[in-house]
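Participant: Mind having a look at this structure? Questions to follow.
The values are calculated or read from the model by the stated rules, or taken from the named source; none is laboratory data. All of these numbers come straight from a predicted model, not from anything done at the bench. Cβ atoms come from the backbone with ideal geometry, glycine included; neighbour counts cover every protein chain shown. Heads up: the accessible areas ignore ligands, DNA and RNA and are worked out on the full protein's heavy atoms, side chains in. Shrake-Rupley method; radii C 1.70, N 1.55, O 1.52, S 1.80 Å.
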Amino acid sequence: MKTFDQYLAIVNEAVDAIKSRHPQVPANLYDPIYYTMALGGKRLRPVLTLMACEAVGGKVSDAIMPAVGLELFHNFTLLHDDVMDRADVRRGEPTVHCRWNDNVAILSGDAMLTMATQHIAHARPDVLPQVLKLFNKTAMEIYEGQQWDMDFESRNDVSISEYMEMIRLKTSVLLGCACKMGALMGGASEHDADALYRMGVNTGLAFQLQDDVLDVWGDPSTFGKATGGDIMNNKKTYLLLSALIEADEDDEAELKRWIADTKARPEDKIPAVRGIYERLNLKEMVGNVIDRYSRKALDDLDNTESLNDEAKRAFANLILKLIKRDR
């Protein structure tokens, strides 16, 4: 097994080569794609794909093209999400719909989806049907998750179980897909491929819940974006939904006043809502939920049959690193 940074270097080299394998014109179709991919990111999904492939005895060369395909697909979803969310900044730079326009972002995103499929189709012929079936299932689940997320914006009766299902679909299944796709291309048994899928999903749930926490209490210099966005947008996060359940009459009334105040200033609303969360000890409560999902992920990892101790340690260290960000 290689180190995370070694896998990342392989992924980055392959991502950098995308431009050389695809057309340059019309520029307004392709430039936004290359601009988006050049912004970087964690590259977590393709790294997981390569790690899983090698962990079960496969070769990186068998998985690198589909791994890049997953990264293209992930970034395609971000292009469209930024249009729907009216987000202005992505990874510290203007979003595509701001630098160009909405139509460009939509069409370039469509092209990225096709490019992603082209890359994934480079999977070995003997596993290609399984890989494509997994990818298509995952893609549809992600679209469902995005729709649920948008539906939640106009609902006042969202339950915590519904929220967990939404983030499973919108975020976690792609991590599970990355792990299982790599395992399939490495020749894993059905048992181990499924165990690694569950590991990825549970890691994704813990990762997204940690994002909820960091958006309230994180350090912007390490979190990668300004904090408090979920509070300002009244996002139905685990924290907000828990607060509405756990708050006493006074805190509930104050919280609902802030939710209803469309003209609230960030410097007023964010610390006020954060204070309610702290009075309810929600950071610790959500931290316990994060730990529960991380333990599930580690149990899934232990349940594999073909991974040696070195491979299990590599995955375990990555899981713990992802969920302990700034905690």
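Participant: Please give the net charge around Phe76, taking every other residue with its beta carbon less than 12 angstrom from that of Phe76, where Lys and Arg add +1 and Asp and Glu add -1.
Facilitator: Counting the neighbours of Phe76, the net charge comes to -4.
Participant: Please list 171-179, 263-271, 126-134, 190-198 highest first by mean number of surrounding beta-carbon atoms within 10 Å per residue.
Facilitator: Order by mean packing, descending: 171-179, 190-198, 126-134, 263-271.
Participant: Given a Förster distance of 22 angstrom, what is the FRET efficiency for Ala9 paired with Asn308, based on the Cβ-Cβ distance and rounded to 0.05?
Facilitator: 0.45
Participant: Rounded to two decimals, what ratio of Rg to Rh does the chain give with C-alpha atoms and a Kirkwood Rh?
Facilitator: Value, to two decimals: 0.98.
Participant: So, one more: Compactness ratio of the range 1-114: Cα Rg over 2.2 N^0.38 Å, N = residue count?
Facilitator: 1.11
Participant: Using the beta-carbon distance between His191 and Met140 and R0 = 25 Å, what value does 1/(1 + (r/R0)^6) give for FRET efficiency, to the nearest 0.05?
Facilitator: The pair His191/Met140 has a calculated efficiency of 0.50.
Participant: Relative to the longest principal axis of the chain, what angle (0 to 90°, nearest 10) does the C-alpha long axis of helix 309-323 take?
Facilitator: Between the helix axis and the principal axis of the chain, the angle is about 30 degrees.
Participant: Kirkwood Rh, the range 1-66, all Cα pairs: how many Å?
Facilitator: 12.9
Participant: Would you be so kind as to identify which of Ala314, Thr304, Asn288 lies farthest towards the positive end of the dipole of the range 248-327, taking Lys and Arg as +1 and Asp and Glu as -1 on Cβ and the Cα centre as origin?
Facilitator: Positive-most Cα among the choices belongs to Ala314.
Participant: Next question. Report, in deg cm²/dmol and to the nearest 500, the calculated mean residue ellipticity at 222 nm for the chain, where each DSSP H run with n ≥ 4 adds -39500 (n - 2.57) and the sum is divided by the residue count.
Facilitator: -24000 deg cm²/dmol
Participant: Just report the Cα centroid separation between the range 237-275 and the range 46-100, whole Å.
Facilitator: If we compute the Cα centre of each part, the gap is 34 Å.
Participant: Report, to the nearest whole %, how much of the accessible area of the range 1-149 belongs to carbon and sulfur atoms, 1.4 Å probe, protein only.
Facilitator: About 56 percent, which is the carbon plus sulfur part of the accessible surface.
Participant: On to the next question. Which FRET efficiency value, to the nearest 0.05, do you get for Glu162 and Lys42 by plugging their Cβ-Cβ distance into 1/(1 + (r/R0)^6) with R0 = 22 Å?
Facilitator: Given R0 = 22 Å and the Cβ-Cβ separation, E is 0.25.
Participant: Quick one: Cα centre-to-centre distance for the range 108-147 and the range 1-39, in angstrom?
Facilitator: Using only Cα atoms, the two centres lie 17 Å from each other.
Participant: Output the 0 to 90 degree angle, nearest 10, between the alpha-carbon long axis of helix 102-120 and the longest principal axis computed from the alpha carbons of the chain.
Facilitator: Taking the Cα atoms of the chain, the angle to 102-120 is about 40 degrees.
Participant: Which pairs break 23 Å Cα to Cα here: Lys133/Lys236; Lys42/Lys263; Lys19/Lys324; Lys2/Lys321?
Facilitator: Lys133/Lys236; Lys42/Lys263; Lys19/Lys324
Participant: Sticking with this one: Of the accessible area of the range 225-325, with the probe set at 1.4 angstrom, what percent is carbon plus sulfur?
Facilitator: On the range 225-325, the fraction of accessible area on carbon and sulfur atoms equals 46 percent.
Participant: Separate question: Full extension from Ala253 to Tyr34: what is 0.36 nm times the residue separation minus their Cα-Cα distance, to one decimal in nm?
Facilitator: 74.1 nm
Participant: Can you pull a Stokes-Einstein diffusion coefficient for the range 99-140 at 25 °C (0.890 mPa s), Rh from Kirkwood over Cα pairs, as a whole number of µm²/s?
Facilitator: It diffuses with D of about 211 µm²/s by this estimate.
Participant: Quick one, what does Rg over Rh come out to for the range 230-327 if you take C-alpha atoms and the Kirkwood Rh?
Facilitator: 1.17
Participant: Using the Cα atoms of the range 247-295, I'd like the radius of gyration and the largest Cα-Cα distance, Dmax, both in angstrom.
Facilitator: According to the Cα coordinates of the range 247-295, Rg and Dmax are 13.3, 41 Å.
Participant: How would Val11, Val60 rank on accessible area, largest to smallest, probe 1.4 Å?
Facilitator: Val60, Val11
Participant: Between Arg279 and Met232, what length comes free when the chain is fully extended (0.36 nm per residue of separation minus the Cα-Cα distance, one decimal in nm)?
Facilitator: Computed gain between Arg279 and Met232 is 15.0 nm.
Participant: So what is log10(I(q)/I(0)) for the range 159-208 at q = 0.31 1/Å, when the Debye sum runs over its Cα atoms only?
Facilitator: -1.02
Participant: Please state the relative contact order of the chain as a whole percent: Cα pairs under 8 Å, 6+ residues apart?
Facilitator: 18
Participant: For the range 88-198, rounded, prolate or oblate, judged on the Cα gyration tensor with a ≥ b ≥ c (square roots of eigenvalues), a/c < 1.5 rounded, else prolate if a/b > b/c?
Facilitator: oblate
Participant: So how tilted is helix 282-302 from the main axis of the chain? Cα-based, degrees 0 to 90, rounded to 10.
Facilitator: Tilt relative to the chain: about 20 degrees.
Participant: At 1.4 Å probe size, with every protein chain present, just tell me what the per residue accessible area of the chain comes to in Å².
Facilitator: Each residue of the chain exposes 46 Å² on average to a 1.4 Å probe.
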